[in-house]
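Visitor: I'd like to ask you about the structure that follows.
The values are calculated or read from the model by the stated rules, or taken from the named source; none is laboratory data. Worth saying up front: this structure is predicted, and the values here are computed from it rather than measured. All Cβ positions, even for glycine, are placed from backbone atoms using ideal geometry, and neighbour counts span all protein chains on display. Keep in mind that these areas ignore ligands, DNA and RNA; they rest on the heavy atoms of the full protein, side chains included. Shrake-Rupley method; radii C 1.70, N 1.55, O 1.52, S 1.80 Å.
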Amino acid sequence: MTPILHVDMDAFYASVALRERPDLRDLPVAVGGAHRGVVLAASYPARAHGVRSAMPMSRARRLCPQLVVLAPDFELIGSVSRAVHECFRRITPLVEVLSADEAFLDVGGAGRRLGPPEVVAELVRATVHDEQGITCSVGVAATVSVAKLASRLAKPDGVVVVAPEDVPRMLHPLDVGLLYGVGDKTRARLQRLGLRTVGDVARTPRAALHELVGARQADHLLALAWGTDRGELVVGRAPGFGGGEPDSSMGAQHTFGRDVADRDGVLRELLRLTTSVTGRMRGRDLVGRTVAITVRSTDFTTVSRSRTLAEPTDVTREVYETAVALFDALGPQRRAVRLVGVRVEGLGPRGAVHHQHVLGERERGWSEADRAVDRATRRFGGAAVRPASLL
DNA sequence: TCTGGGGTCCTAGGACCC
DNA sequence: TCTGGGGTCCTAGGACCC
């Protein structure tokens with residue numbers, strides 16, 4: 001059994017923002033959209049007022065009227081994230097990146113060089129703090145899910161080590177909602193049946209749990225509840241954060257500042273979103289076969305529709321026309337639209353596509369037009385070239 | 001000014017095929 | 001002609017994670 005570290009930045013987006021604004025350090029700060037947005041991260045003073053991430057910003061402001069709201073600087077966040085991942089890889093090459101601010105480190109090999117896991121954990125924390133000026137917390141355990149729980153218990157700015165023999169004692173009193181994969185809905189379902197703690201789940205017969213949440217989820221929960229999930233890392237992982245397999249879908253969605261009642265307004269946004277998605281696809285030489293749209297109405301009801309094409313594509317025009325057809329097939333909108341989204345699924349490398357038929361004149365023309373736009377965008381920026389209807 | 005935006009995975013039914 | 005049984009693809013929705 002090799003020790004695994006789970007490293008998790010403390011209030012990452014907020015910490016990055018506060019690095020630029022040290023004058024706000026002791027004030028309640030939230031990063032997120034000021035309008036119709038949610039809290040992406042809350043500083044610890046803000047948390048003291050009950051502000052949490054994923055909370056609507058309007059609610060956060062009610063809880064804490066003096067809350068300082070900052071817009072996220074995604075470029076800065078991305079560069080700090082890459083730098084932090086680099087710190088990890090200097091300590092061990094065995095890094096599985098989970099997201100911008102989280103990773104697992106297998107320090108079995110580094111142990112010989114650097115010492116026992118708790119010493120390596122402190123080394124990681126000191127390095128990140130010295131180089132990036134932000135704090136993180138580290139959990140140490142033999143499996144990934146226990147390490148992840150341990151880092152949570154270590155927050156903020158600490159280390160928690162869980163020895164294998166301590167796993168049940170440490171896990172079983174915890175709320176089931178802390179298990180990876182148990183969100184609000186599953187937690188409520190389990191609670192209705194009297195399963196409140198991890199220990200309650202651990203002691204439930206497999207067959208009974210199968211009935212409750214399905215076979216797959218049941219096996220998953222039992223493994224987590226006993227701390228017997230995987231102990232090997234998938235090095236790389238998380239596309240965009242450090243390699244790994246390409247995405248299997250790419251999409252974009254937008255919540256309107258004010259709900260939109262007219263078709264043209266929705267289609268304009270669909271075109272903007274499609275342009276962004278297919279541009280990203282071409283940038284990574286990916287094509288996809290299934291086009292999906294999401295439409296959320298004023299009353300928050302959300303529908304999705306998808307259509308699989310005969311051939312994979314990265315052509316803006318094709319994806320857009322499919323998206324419009326899917327939208328129109330919904331019929332006249334009875335309620336104003338709050339959000340629309342476009343997603344292309346079933347992605348694969350462009351080179352691997354064998355065309356069943358010779359590309360028609362029309363398709364080839366649009367494909368070349370897209371590439372010309374991409375070149376111009378690279379040279380002159382995104383504002384330089386855009387569809388006429390977006391001007 | 002209740003409820004963002006980027007994803008992944010699972011389920012379940014129907015079509016279709018052998 | 002009392003009706004199997006997989007496997008795969010497609011679609012819609014839902015839950016979850018960061």
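Visitor: So is A:T135 modelled with pLDDT of 95 or more and within 30 Å of A:V198 (Cα to Cα) or not?
Guide: Yes; evaluated as a whole, the condition is true for this residue.
Visitor: Within the range A:225-256, work out how many residues are within 14 Å of DNA strand B (Cβ to nearest atom) and modelled with pLDDT of 95 or more.
Guide: 8
Residues checked against (1) under 28 Å from A:L178 (Cα atoms); (2) among the hydrophobic types (A, V, I, L, M, F, W, C); (3) part of a loop (DSSP other than H, G, I, E, B); (4) open to solvent by 20 Å² or more (accessible area, probe 1.4 Å):
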residue: A:T228; (1), (2), (3), (4): yes, no, yes, yes
residue: A:A238; (1), (2), (3), (4): yes, yes, yes, no
residue: A:D264; (1), (2), (3), (4): no, no, no, yes
residue: A:T274; (1), (2), (3), (4): no, no, no, no
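Visitor: Moving on. Would a scan of the range A:285-293 turn up a residue that is within 14 Å of DNA strand C (Cβ to nearest atom), among the hydroxyl-bearing types (S, T, Y) and assigned to a strand (DSSP E or B)?
Guide: Scanning the range A:285-293 turns up at least one residue that is within 14 Å of DNA strand C (Cβ to nearest atom), among the hydroxyl-bearing types (S, T, Y) and assigned to a strand (DSSP E or B).
Visitor: In addition: Residue by residue through the range A:191-218, note down the ones that are surrounded by 14 or more Cβ atoms within 10 Å (Cβ to Cβ) and within 16 Å of DNA strand B (Cβ to nearest atom).
Guide: Answer for the range A:191-218, where residues must be surrounded by 14 or more Cβ atoms within 10 Å (Cβ to Cβ) and within 16 Å of DNA strand B (Cβ to nearest atom): A:L209, A:H210, A:L212, A:V213, A:Q217, A:A218.
Visitor: To continue, here is another question. Among (1) within 15 Å of DNA strand C (Cβ to nearest atom); (2) farther than 25 Å from A:L179 by Cα, there is one condition A:R258 misses while meeting the rest; what is its number?
Guide: (1)
Visitor: Further question on the same structure: Any residue at all in the range A:153-165 that's in a helix (DSSP H, G or I), surrounded by 22 or more Cβ atoms within 10 Å (Cβ to Cβ) and either outside the structural domain of A:V201 (by TED's automatic domain parsing) or modelled with pLDDT under 95 (or both)?
Guide: Within the range A:153-165, one or more residues are in a helix (DSSP H, G or I), surrounded by 22 or more Cβ atoms within 10 Å (Cβ to Cβ) and either outside the structural domain of A:V201 (by TED's automatic domain parsing) or modelled with pLDDT under 95 (or both).
Visitor: Name the residues in the range A:21-52 that are out of contact with any Pro (no Cβ under 9 Å at 6 or more places or on another chain) and at pLDDT below 95, would you?
Guide: Within the range A:21-52, A:A34, A:H35 meet the criteria.
Here is a yes/no grid of residues against (1) more than 13 Å from DNA strand C (Cβ to nearest atom); (2) part of a loop (DSSP other than H, G, I, E, B); (3) of a type in the set (K, R); (4) in contact (Cβ under 8 Å) with a residue 60 or more places away in the chain:
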| site | (1), (2), (3), (4) |
| --- | --- |
| A:Y180 | no, yes, no, no |
| A:L190 | no, no, no, no |
| A:D200 | yes, no, no, no |
| A:L212 | no, no, no, no |
| A:P246 | yes, yes, no, yes |
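Visitor: Does A:T308 satisfy being closer than 26 Å to A:H35 by Cβ and within 12 Å of DNA strand B (Cβ to nearest atom)?
Guide: So A:T308 fails the test.
Visitor: Report the residue count in the range A:240-260 for those that are in contact with a helix residue (DSSP H, G or I) (Cβ under 8 Å, 6 or more places away or on another chain), open to solvent by 40 Å² or more (accessible area, probe 1.4 Å) and under 30 Å from A:P332 (Cβ atoms).
Guide: Of the residues in the range A:240-260, 2 are in contact with a helix residue (DSSP H, G or I) (Cβ under 8 Å, 6 or more places away or on another chain), open to solvent by 40 Å² or more (accessible area, probe 1.4 Å) and under 30 Å from A:P332 (Cβ atoms).
Visitor: Go through the range A:1-115 and tell me which helices (runs of 4 or more DSSP H), entirely inside it, have 3 or more residues that are open to solvent by 70 Å² or more (accessible area, probe 1.4 Å).
Guide: The helices (runs of 4 or more DSSP H) meeting that bar are A:57-63, A:74-91.
Visitor: Taking the options A:R90, A:R112, name whichever one is farther than 20 Å from A:G158 by Cα and without any contact (Cβ under 8 Å) to a residue 12 or more places away in the chain.
Guide: Answer to the selection: A:R112.
Visitor: Kindly indicate whether any position in the range A:296-309 is under 20 Å from A:G365 (Cβ atoms), open to solvent by 20 Å² or more (accessible area, probe 1.4 Å) and in contact with a strand residue (DSSP E or B) (Cβ under 9 Å, 6 or more places away or on another chain).
Guide: Yes, the range A:296-309 has at least one match.
Visitor: Mind listing just one residue for me: the one in the range A:116-125 that is in contact (Cβ under 8 Å) with a residue 24 or more places away in the chain and among the aliphatic types (A, V, I, L, M) and, of those, most open to solvent (accessible area, probe 1.4 Å)?
Guide: A:L123
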